[in-house]
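See structure below.
We did not get these values from a lab; they are worked out from the coordinates using the rules stated. None of the values given here were measured: they were computed from a predicted structure. Note that we place each Cβ from the backbone using ideal geometry, even for glycine, and neighbour counts take in every protein chain shown.
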Amino acid sequence: MSRRTVVGVMGGSVCDERTARLARALGRGIARAGWVLLSGGRPTGVMQASVTGAHEAGGLTVGVLFDDDREGAAAGLDLVIPTGMGAARNIVNVLASDAVVACCGSGGTLSEIAMALRFGRPVVLLDFDPGAAFLDRCGSGRWSLAATPDEAVVQVRGFLADLGRA
């Protein structure tokens, strides 16, 4: 049996209602595609919304936590990995993902995007554009912009096919 494809969903621990709706729909799309959803595992923002969507659609969810308290994890996570690493856990999130979808976020999200591109992971930016000048300087990974969760899933599928992971 081949290993499961992991799609990391990155985004702010605080987000507006629009971003939460998009992240939740993205989580459902990832689950329906048969991929594992990996997130930072916090019970707020993009992390909780994407996990909720994947959980509702019967998908497998993994949370790689900022701290060492598994009780502070998002509801609906199947696997909780407490790290106690703080923001350093961002590199674990990126390297454990075959592809990354980034929703609106701030410094932590931008660092995950930069690391994903640095380590050759494809990145789809869902309704979030930090600018080509930033993205093109981050590394060899490919990136694209998506306006909707469905579009993001299609773009991830294309990147995975290019990597032989589809």
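Odds and ends about this structure:
- Over the chain, dividing the summed -39,500 (n - 2.57) contributions of all DSSP H runs of at least 4 residues by the number of residues returns a 222 nm mean residue ellipticity of -12000 deg cm²/dmol.
- Under Karplus coefficients 6.51, -1.76 and 1.60, residue-wise ³J(HN,Hα) of the stretch 93-100 in Hz, glycine/proline x: 4, 5, 5, 7, 9, 7, 8, 10
- Whole-angstrom gap from the stretch 123-166 to the stretch 1-47, using each part's C-alpha centre: 15 Å
- For residue 38, the residues whose amide H sits under 5 Å from its own are 7, 8, 9, 62, ignoring neighbours fewer than 5 places away on the same chain, with H placed 1.01 Å from N.
- Listed by Cβ neighbour count within 10 Å, with the fewest neighbours leading, 140, 2, 13 appear as 2, 140, 13.
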